[in-house]
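Note sheet for the following structure.
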Amino acid sequence: TLRTNMQSRALILVVLAAIASIAAARSAAASHILVASETQCNELKTSIGAAADPVAAFAEAAKEHSTCPSGKQGGSLGTFGPGQMVPEFDKVVFSGELNTVLGPVKTQFGHHLILITERTD
């Protein structure tokens, strides 16, 4: 009946709104370094890990080596939600340890080192 159809549509809209609000509640802030080779990625990771201040070293390495325009800002990608980045990147950002250099992570763009600075679940 017409009333049942309207109730079903209303229920679907409520469920979709709930899913959207849950997805919007999750977010992360991260920086990355994008390079062409896994070898270079590993070399940078070793160098950053040996630094007295790995976070500052990460930003400097991004400025010097990253092929992504975000490198100029120390690799900062700002805050983003699930699904806004390629799947391989998303998987690491929404499950990896905070304030730790992660990677190499291979995507269609190249090889990334990732530094997750905050995340809300």
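The values are calculated or read from the model by the stated rules, or taken from the named source; none is laboratory data. As the structure is a computational prediction, the values presented were derived from the model and not from experiment. Using ideal geometry, Cβ is built from the backbone for each residue, glycine included, and neighbour counts are taken over all protein chains shown. Just the protein is used for accessible areas: all its heavy atoms, side chains included, with ligands, DNA and RNA removed. Shrake-Rupley method; radii C 1.70, N 1.55, O 1.52, S 1.80 Å.
Quick notes on this structure:
- Taking the criterion of being out of contact with any helix residue (DSSP H, G or I) (no Cβ under 9 Å at 6 or more places or on another chain) and over 23 Å from residue 119 (Cβ atoms), the residues of the stretch 38-52 that qualify are 38, 39, 42, 43, 46, 52.
- Filter result for residue 105 (surrounded by 15 or more Cβ atoms within 10 Å (Cβ to Cβ), among the β-branched types (Val, Ile, Thr), in contact (Cβ under 8 Å) with a residue 24 or more places away in the chain and over 14 Å from residue 27 (Cβ atoms)): no
- Qualifying residues in the stretch 74-92 (those that are assigned to a helix (DSSP H, G or I) and closer than 13 Å to residue 115 by Cβ) - the one least open to solvent (accessible area, probe 1.4 Å): 89
- Qualifying residue in the stretch 45-54 (condition: in contact with a His (Cβ under 9 Å, 6 or more places away or on another chain) and at pLDDT 95 or above): no
- Here is the figure for the stretch 42-59: residues that are open to solvent by 70 Å² or more (accessible area, probe 1.4 Å), free of Cβ contacts under 8 Å to residues at least 24 places away in the same chain and part of a helix (DSSP H, G or I) total 3.
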